[in-house]
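These notes are about the structure you will find just below.
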Number of protein chains: 2
Amino acid sequence: MPSEAAHSLAEASSEYGSLDHEVLRAMAAMGQRARAAARIVAAAETVHKNDALHKAAQSLRDQSSAILEANAADMTAAQQRDLSKAMLDRLLLDSGRIEAMACGLEDVAALDDPVGAVMAEWTRPNGLRIARVRVPLGVIGIIYESRPNVTADAGGLCLKSGNAAILRGGSESFHSSAIITQCLQSGLVAAGLPGDAVQAIPTRERAAVGLMLSMSDCIDVLVPRGGRSLIERVSRESRIPVLKHLDGICHIYVHERADPEIARKVTVNAKMRRPGICGAAETLLIDRAALSLLPPIIDDLIEAGCSIRGDSEALEVDSRLIPATPEDWDTEYLDAILSVRVVEDLEEAIAHINEHGSQHTDSILTEDDAAAEIFLAAVDSAIVMHNTSTQFADGGEFGMGAEIGISTGRIHARGPVGAEQLTSYKYRVSGQGQIRP
Amino acid sequence: MPSEAAHSLAEASSEYGSLDHEVLRAMAAMGQRARAAARIVAAAETVHKNDALHKAAQSLRDQSSAILEANAADMTAAQQRDLSKAMLDRLLLDSGRIEAMACGLEDVAALDDPVGAVMAEWTRPNGLRIARVRVPLGVIGIIYESRPNVTADAGGLCLKSGNAAILRGGSESFHSSAIITQCLQSGLVAAGLPGDAVQAIPTRERAAVGLMLSMSDCIDVLVPRGGRSLIERVSRESRIPVLKHLDGICHIYVHERADPEIARKVTVNAKMRRPGICGAAETLLIDRAALSLLPPIIDDLIEAGCSIRGDSEALEVDSRLIPATPEDWDTEYLDAILSVRVVEDLEEAIAHINEHGSQHTDSILTEDDAAAEIFLAAVDSAIVMHNTSTQFADGGEFGMGAEIGISTGRIHARGPVGAEQLTSYKYRVSGQGQIRP
């Protein structure tokens, strides 16, 4: 498609003036190579894709000192830019994390291959046989934070599902992601597959994201992971379909009939097990009639190092709480901070979640199954839970294997996005000369 | 969401200056009413939704003289505008077509309700029970041609699947669609459901489409049916997810090992049964080695009233063919016109289809199963066929019941879009106090 590529380049030249001509040319070439590679990996046999994943895992292990060196360069630059402790922690690689990435690729290799699976098959009265068969999506563009491990996870899942990937990690992780991408490519090549099936955007300039969003001739689906502003920018600027991965403003709702012990241990786990993941709870809603359950929950949270912001009624329960502002209900802290709001009843809790949540994961704690049923039906989130921790919002915990993240959109894939969710399907219709009357 | 609505209105005021303030206000109010109605129909019981569909069917029958009157007004205006005979035919309603719409709604009532269906359910080793359950998409905006019957079909399918619909038919069918919408609304109200669950854009002004595309707070998914320019405009202008329904540039490929009789009857059926539907074939590809099969196919086509445009080799076969131009390979005639191109082999046929097709429906005619297998795997279309007519590309013919159309996109739904494809899903996770280690 030379004409489309030329068009992209021309469009890019006017809109992304800050990128020099060499970068524009490199991006266009990258897109064309991805398209060509996608055709090959779409048809690749499972054994070859798995071979590439195993060889990429080995490459990560072989290259671990070079990876640590690249990561050290990223960390030094990040420290000079005064990034938060949480961000620095996400950026950091060590030998354990490199080994975890390698194991992650091996886990993906062990998954069932979704491509070619017959989802349904039936025969019509006229003898036509119809089969719905999984096929890859094509070229997937993934935009993510400065977490180098996502490079391996996302690249591996895209390959397993027969797609080519164009990856754009946060600019702070540029060197780390670049060398991890090289490891994936060397695995592909060693397995006889095109290395171009996994590519990283060749520049850390921000304008490259805008250019990526314009590459509708080369990218079939965009997966932006991140906050509301990124998702909105991608949806606004790009005509490429988007699987949005909004971060999680997740809620724990302690219903008036909650079991006190469950309320205590699940709330603390939902917030404090790992406060920085998207499935961490950010707001605790508690029925006025259940306020007697709050003091021990607060004790446990504070003991675990959590800072708590409360509405006026919550403040009366414990003087260590600080006042919440209206912004708190719409904030994803990704940190050891929890907001607490007292609600009148189930209805008010559901209304709060549907207004302030991010349609990610929300959990009700109650012994009242009828109330739970109402909550599970009425809360409009990808994952709704009863008597368990929002930290279970994870493809691995769901038994689906690795995931790119949790989709908070309503179309295509909702909830954990693993290899199967990175596929489309086609209908195969077989006849013996039937014509339509 | 008053602030978002105000924002939409403000945005609209600047961008859609040609719409007067009253229309802007009406559109914003319509969106908010749709959102409210969507919550109610999402939770509506199957019996009530089916009741609404039956009462809407009855209303269409009761109102048939008023519908014919409205349609006559549309037809008069259309005739004055010199619309093509094919377009006038699509716009025309008669008592048979009204009855067909009513029966269509009753057929939709008879379908299984997709909402609430448990798609999968499993228990994790830690005792968590996980279910993937179908839920409606929300508010669906449908933009379609001047075919009044689509108003009933689309409105009925959206209702069955628990969604609210905002409909925008072609401006030529404005009066016809308006009264059909009223019939749907009276069915809803008679069944105790909100009439606002099906609404039509209250103006025929084209600028209203632009405004509709901007209503991301009120519309969850857009379904544009139509040509490339409409789909591209919608994808470019709107940040709302799109299920694209591109018209079909469908191919029949006569392989060198095609059965002569099948080649003859299937080709004529694929083009001429109804030349104006999206599954009608537009281009015939034929292997050079199968050229002896072409003369009888041409005879049948011409006898059926088809005009044929050929490449240089096809022209040599029959002097009645006229020369094809390069544009022909990319043209959906929707008329009794077929382009014919001679290809070297399977590989060239596949390359032609993947370059010039619209990823809708393409069929190979051959007795060589290995060749068919290669074609079915390599042609990247929603529906790929072997030894049968592209005119079977239809939800009803697939056994899926009614359909809004054939999705040519790669995400969410591909191929026929019926009630099931108008749903999303959520995960319901039930525990007994589990926390994540």
Quiz item: Considering only region B:157-199, how many residues are under 16 Å from B:M212 (Cα atoms) and basic (K, R)?
Solution: 1
Quiz prompt | Test result for A:V150, modelled with pLDDT under 95 and within 18 Å of the chain's Cα centre (by Cα) | solution = yes
Self-check item: Where A:D217 falls short, out of the listed (1) over 21 Å from the mean Cα position of the chain (by Cα); (2) within 14 Å of another protein chain (Cβ to nearest Cβ); (3) buried (at least 22 other Cβ atoms within 10 Å of the Cβ)
Solution: (3)
Practice problem: For region A:315-338, enumerate the residues that are of a type outside the set (A, V, I, L, M, F, W, C), in contact (Cβ under 8 Å) with a residue 60 or more places away in the chain and farther than 17 Å from A:H356 by Cβ. | Solution: A:D335
Practice problem: Kindly provide the set of residues from region B:298-316 that are crowded, with 21+ Cβ neighbours inside 10 Å and of a type in the set (V, I, T), ordered by number. | Solution: B:I298, B:I308
Quiz item: Out of (1) surrounded by fewer than 21 Cβ atoms within 10 Å (Cβ to Cβ); (2) under 20 Å from A:L376 (Cβ atoms), the odd one out for B:I130 is which?
Solution: (1)
Quiz item: Would it be correct to say that A:L284 is away from chain B (no Cβ under 13 Å) and modelled with pLDDT under 95?
Solution: no
Practice problem: Mind listing whichever residues of region B:57-116 are acidic (D, E) and farther than 17 Å from B:D153 by Cα? | Solution: B:D62, B:E69, B:D74, B:D82, B:D89
Practice problem: Hand me the list of strands (runs of 3 or more DSSP E) wholly inside region B:95-205 holding 3 or more residues that are β-branched (V, I, T) and within 14 Å of another protein chain (Cβ to nearest Cβ). | Solution: B:129-136
Quiz item: Of all residues in region B:98-126 being surrounded by 16 or more Cβ atoms within 10 Å (Cβ to Cβ) and among the β-branched types (V, I, T), which is nearest to B:A44 (Cα to Cα)?
Solution: B:V115
Quiz item: Quick one: how many residues across region B:265-274 are more than 10 Å from every other protein chain (Cβ to nearest Cβ) and touching a Gly at 6+ places or on another chain (Cβ under 9 Å)?
Solution: 1
Quiz item: Taking into account only those residues within region A:379-411 that are facing another protein chain (nearest Cβ under 8 Å) and among the hydroxyl-bearing types (S, T, Y), which is farthest from the chain's Cα centre (by Cα)?
Solution: A:T388
Quiz prompt | Exclusive hit being out of contact with any helix residue (DSSP H, G or I) (no Cβ under 9 Å at 6 or more places or on another chain), under 21 Å from B:R35 (Cα atoms) and either more than 12 Å from chain B (Cβ to nearest Cβ) or at pLDDT 95 or above (or both), set A:E327, A:E348 | solution = A:E348
Practice problem: Give B:I240, B:I249 a once-over and let me know the one that is within 12 Å of another protein chain (Cβ to nearest Cβ) and within 20 Å of the chain's Cα centre (by Cα). | Solution: B:I240
Quiz item: Out of (1) at pLDDT below 95; (2) crowded, with 16+ Cβ neighbours inside 10 Å; (3) among the small types (G, A, S), what's the single condition that is false for B:S14?
Solution: (2)
Exercise. Answer with yes or no whether A:I262 is at the interface with chain B (Cβ under 9 Å from one of its Cβ atoms) and at negative phi.
Key: yes
Quiz item: Can you name the residue in region B:412-433 that is at the interface with chain A (Cβ under 7 Å from one of its Cβ atoms) and under 15 Å from the mean Cα position of the chain (by Cα) and is also farthest from A:R132 (Cα to Cα) among such residues?
Solution: B:H412
Quiz item: Any idea which of A:I374, A:I383, A:I411 is among the β-branched types (V, I, T), at negative phi and at pLDDT below 95?
Solution: A:I411
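The values are calculated or read from the model by the stated rules, or taken from the named source; none is laboratory data. All values reported here derive from a predicted model rather than from experimental measurement. Cβ coordinates were reconstructed from backbone atoms using ideal geometry, including for glycine residues, and neighbour counts include every protein chain displayed.
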